[in-house]
Amino acid sequence: MQLNDATPAAEAAETARDSASVPAASPQVWFDGRMVAIDSPQAPLTTHAMHYGSGVFEGIRAYATADGGAAVFRLPEHLERMRKGCELLGIDFDVDAAGEAVLQTLRANGHRDAYIRPLAWLGSGTIGLDVAPLSQHLMVATMATAVHLAGKAARLGVSGWRRNPASSLPPLKLCGGYVNSVLAKREAKQRGFDEALFVDGDGYAVECTGANVFMVKGGEITAVSHADALDGITRATLVELSGAQSRPVALEELKQADEVFVCGTAAEVAPIASLDGHEYGDNPVTRDFQQRYARIVRGQDPAFAHWLTRV
């Protein structure tokens, strides 16, 4: 099946609502307004996003809840950030229609604990850099949860690469921008680390390849802030929960912390065991965050039910 031009948002949402909500026999994806088998869509080899990375994605999580259902954590916030990225590329993006597509895909696949990947991209029409003539597409895939960093205490290494500066590439989830993370992650693994930390030219920590950074010193919690870092939704969640101070943090200060942890949709809250060989000790504050975050995303804390979109 060749890619077709994007279905108008209103029609897409109506199609999603009308689809069955029982698990499919094989994995399904929402693709331009309809549910299809995951291996059936085919993109032309001239697809613009394949050549230039002209797409926008999000990473979102759904969780099984104690009442036997499922809920998506902070779905509107994720899709609003995606809309901002799409706007930069001139891709039409309807937040409400995309949200309905996410829920429909979860229902079609019978997923409760799941990682959700919506992707909007530019297709065919020209091989040049003018995106105006190009077709536009949207898909949503859901898959069994694979936790980034596997929830273990990770070994962190300072990357030899610099993070894309915000003055050159906005810190949003633009597909092409993540080649930067791929290079840093690959280098880190080759050096025996689990994850890479980007540091700027002045020695300040930026973020990891797919997670924001926090530190704990003397009981005070600090959220590392940097203009080149993604404005993480999990980061904002933890800042709200803890009242953490958000400020720039130098690499040397980070090494002197009592605890360091990273956070993101995929990573959730992950402790750091070491940074460039500097070992950290016990991490009681990180564990408390892990436990509280787990309760909230699974609907066990009514005070934060507004962060959950029921499937």
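Each reported figure results from applying straightforward, stated rules to the coordinates on display, with no laboratory input. All of these numbers come straight from a predicted model, not from anything done at the bench. Ideal geometry is used to build each Cβ from the backbone, glycine not excepted, and the neighbour counts take in all protein chains shown.
Against the chain, whose longest principal axis comes from its Cα atoms, helix 284-297 is set at around 20 degrees.
Between Ala37 and Glu80, what is the FRET efficiency for a Förster distance of 41 Å, r being their Cβ-Cβ separation, to the nearest 0.05? Approximately 0.85, to the nearest 0.05. Angle of helix 9-18 to the longest C-alpha principal axis of the chain, folded into 0 to 90 degrees and rounded to 10: 90°.
For the chain, what is the convex hull (Cα atoms) projected area averaged across all directions, in square nanometres?
Result: a mean projected hull area of 16.3 nm².
A Cβ-based charge dipole, computed about the Cα centre of the chain with Lys and Arg at +1 and Asp and Glu at -1, lands at about 580 debye. For the stretch 70-119 and the stretch 162-188, what is the separation of their Cα centres, given in Å? The stretch 70-119 and the stretch 162-188 have Cα centres spaced 22 Å from each other. So what's the net charge close to Asp301: Lys and Arg +1, Asp and Glu -1, counting the other residues with Cβ under 10 Å from its Cβ? Residues close to Asp301 contribute a combined charge of +3. Projected label points at Glu252 and Asp67, each 7 Å from Cα along the beta carbon direction, are separated by 5.4 nanometres.
Per-residue ellipticity at 222 nm for the chain, helices alone: DSSP H runs ≥ 4 residues times -39500 (n - 2.57), over residue total, nearest 500 deg cm²/dmol? Rounded to the nearest 500, it is -8500 deg cm²/dmol. For the chain, the longest principal axis of the Cα atoms and the long axis of helix 179-190 meet at an angle of about 50 degrees. Computed 3J(HN,Hα) for the stretch 71-78, one whole-Hz value per residue from the Karplus formula 6.51 cos²θ - 1.76 cosθ + 1.60 where θ = phi - 60°, is 8, 9, 8, 6, 4, x, 5, 4, glycine and proline marked x.
Within a Cβ distance under 11 Å of Ala70, other residues only, what is the Lys/Arg minus Asp/Glu net charge? After counting each charged neighbour, the total is +3. Put simply, when 129-136, 304-311 are sorted by average Cβ atoms within 10 angstrom per residue, most first, you get 304-311, 129-136. If only the Cβ of Lys and Arg carry +1 and only the Cβ of Asp and Glu carry -1, the dipole of the stretch 51-188 around its Cα centre is close to 760 debye. Charged side chains reduced to their Cβ positions (Lys and Arg at +1, Asp and Glu at -1) give the stretch 241-289 a dipole of some 180 debye around its Cα centre.
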